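Colleague: Got a structure here, written out as C-alpha cells. Questions coming.
The values are calculated or read from the model by the stated rules, or taken from the named source; none is laboratory data. Given the structure is predicted, the values throughout are model-derived calculations rather than measurements. Cβ sites come from the backbone with ideal geometry, for glycine too, and all protein chains shown count toward neighbours. When the accessible area is computed, the model is the full protein with side chains, heavy atoms only, and any ligands, DNA or RNA have been set aside. Shrake-Rupley method; radii C 1.70, N 1.55, O 1.52, S 1.80 Å.
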Amino acid sequence: MEETWIISLLLGILPIVGLILWWWNEIWYLRGIKVRCSKLFNTNNNNNNNIVKIPPGHLGFPFIGETLSLLWFFNIIARPDDFITSKKYKYGENVGAYRTHLYGCPSIIACSPSLCKFVLNSSDKFKQEWPTTQVLGANSVITLEEGPRHGVIKNFIVNYINRPASLTRFLLHVQPTIIQALQLWSHQHKIKTFYQVKKVTLDYTMKYMAHLEAGTQIHVIEKLFEGVASGFRSQPWNIPGTSFYHALKEENMAMVKKINSGSLTYEDILKLKYTNKVAEETIRMANIAGFVFRKVTDDVEFKGYIIPKGWNVIIWLRFLHNDPTNFDDPMNFNPDRWDVARPKHGAYLPFGRGSRSCAGNTLVRASLVLFLHHLSIGYEWELLNPNSKIKYLSHPLPVDGLEISIRKI
C-alpha cells in the first residue's frame, strides 16, 4: 500500500517538475525584458502593433539550454542544417531570428541575410565575444576588444599576408613545401587527407611567418593548435571530388606551359578562372566558420523584435550558405554557380563582415587555388570511404580523416 502511494506521488510530481524545468529559463531570462524595453516601442499608447516582442523560440532547460538538441542534429543524426530548419518549421520561415540557450548563455540565432549583415556591421552594438575566449587569450586579434590596438594589429596582418605583393612572396615561398608533400603522399599506400593537409598548411605557415623549419618545434605547435581548434569553433572541412579533375587539368596544364615549370605568382592564380570557382564553392560548402558570436551591448530593436542586452547573437553562417532561398540546390557542389551574379547582400559571409572580418581572406583563397593547381597537374586520387560519416562537433571532421589513395601521373 505504501509503495503504491509513493508511485502515485511520483507520477503526480514528475510532470510538475518537468513543466517547471521546461519553463524555468523562459521565466528567468525573459522576466523584466519587456518592461525594460517598452520605451523603445512607446507602449504607453494603445497601438497593439507596438507590443515588445522577443524573437520566437525556446530557451530550453536550466544550465544546458538546447545543447541536447544541438548534439542530436550535429553529432547523432549528422544533419546540422536541420537544427535551424526545425525552428523555421516550428516558428515561421520568414522570421530569420530565433531565441535559444547555447554555450552557457541566452542567445539569438541570426540566420537571415539582413540580420546577419546588420549585426556584423554594427560593432558598437554587438561586441565580438566568443564563449571560449580563454582558449585564444585576450590579446588574440580574434578576441581583442575593438579599438586602436585591434586596428593596428589587423592592419599589420592584412599588409603582411593579404596584399598582392605579399601574396606573391608567400606563394613563391610555400610552393616547394606543397610540391614536396604531394610527392611524399604519392609514395604512400593511403593518407588521411584531413590531417596531412592541416600539417602541411601549418608547416608552410610557420616556415613563412616564424622562419621555423619542419621538426620538433612545429610538431609541438601542431599539438597545441589541435587543442585550440577542438575547443574554439567548428565546421566540416572537405575538398572537391575527382569529377572536377579534368576541368581543373583545361586551364592548369596551360598555366604550366606558360610558366615553363616555374612557380605561380598571385597574378597567375587570378588567371585560373575555373580553379578559383572550385575554391569559392569549396569555401561556401565547407567554410570553417559555421557560426560566429557577438555580445549585445545594449537593447537593440530590429524589424519589430528586441535583441536583449547581455545576450549572445549567434550568426549562423552555415545556414546562410546552405539555404535554398540564397543558393539554388545548395547541397550540390557546383562551381559554375559563380558565373552568375554574386549572392544577395548578407547571404554569403564566409569571412565575416565589418571591422572583425577575417584579415587573411585573400590568402585563404590563393592558398586553396595553389594546392588545387599542383594537385591537378601531376596527381590523381581516389576517395577510399565515400560514405564515411562526418563528426560535426566540437570541431567537425570526417570520421576516417578523409582517407584517399594518391599517385603521381
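Colleague: For the structure I just gave you, tell me whether Asn276 is at pLDDT 90 or above and either open to solvent by less than 30 Å² (accessible area, probe 1.4 Å) or over 25 Å from the mean Cα position of the chain (by Cα) (or both).
Modeller: It is false that Asn276 is at pLDDT 90 or above and either open to solvent by less than 30 Å² (accessible area, probe 1.4 Å) or over 25 Å from the mean Cα position of the chain (by Cα) (or both).
Colleague: Test Leu383 against the criterion of being more than 18 Å from the chain's Cα centre (by Cα), at negative phi and modelled with pLDDT under 90, and give yes or no.
Modeller: It is true that Leu383 is more than 18 Å from the chain's Cα centre (by Cα), at negative phi and modelled with pLDDT under 90.
Colleague: OK, next. Take Ile6 and decide whether it is among the hydrophobic types (A, V, I, L, M, F, W, C), modelled with pLDDT under 90 and surrounded by 14 or more Cβ atoms within 10 Å (Cβ to Cβ).
Modeller: It is false that Ile6 is among the hydrophobic types (A, V, I, L, M, F, W, C), modelled with pLDDT under 90 and surrounded by 14 or more Cβ atoms within 10 Å (Cβ to Cβ).
Colleague: To continue, here is another question. In the range 37-63, how many residues are at pLDDT 90 or above and surrounded by 15 or more Cβ atoms within 10 Å (Cβ to Cβ)?
Modeller: The number of residues fulfilling the criteria is 7.
Colleague: Return only the number of the condition from (1) part of a helix (DSSP H, G or I); (2) closer than 11 Å to Ala110 by Cβ that Arg337 does not satisfy.
Modeller: (2)
Colleague: Could you tell me whether Ile27 is loosely packed, with under 14 Cβ neighbours inside 10 Å, under 25 Å from Gly92 (Cα atoms) and modelled with pLDDT of 65 or more?
Modeller: Considered against the rule, which asks whether it is loosely packed, with under 14 Cβ neighbours inside 10 Å, under 25 Å from Gly92 (Cα atoms) and modelled with pLDDT of 65 or more, Ile27 comes out as yes.
Colleague: Of everything in the range 81-103, what is of a type in the set (Gly, Ala, Ser) and either farther than 20 Å from Ala347 by Cβ or assigned to a helix (DSSP H, G or I) (or both)? Give them in sequence order.
Modeller: Ser86
Colleague: How many residues, within the range 369-380, are open to solvent by less than 40 Å² (accessible area, probe 1.4 Å) and in a strand (DSSP E or B)?
Modeller: Here the count works out to 1.
Colleague: A further question on this structure: Can you pull out the residues in the range 339-368 that are open to solvent by 40 Å² or more (accessible area, probe 1.4 Å) and either at pLDDT below 85 or over 30 Å from Lys127 (Cβ atoms) (or both)?
Modeller: Residues satisfying the conditions are Asp339, Val340, Ala341, Arg342, Lys344, Ser355, Cys358.
Colleague: Still on this structure, I have one more. Do you know which of the residues in the range 391-409 that are open to solvent by 40 Å² or more (accessible area, probe 1.4 Å) and modelled with pLDDT of 85 or more is nearest to Arg79 (Cα to Cα)?
Modeller: Restricting to residues being open to solvent by 40 Å² or more (accessible area, probe 1.4 Å) and modelled with pLDDT of 85 or more, the top hit is Val399.
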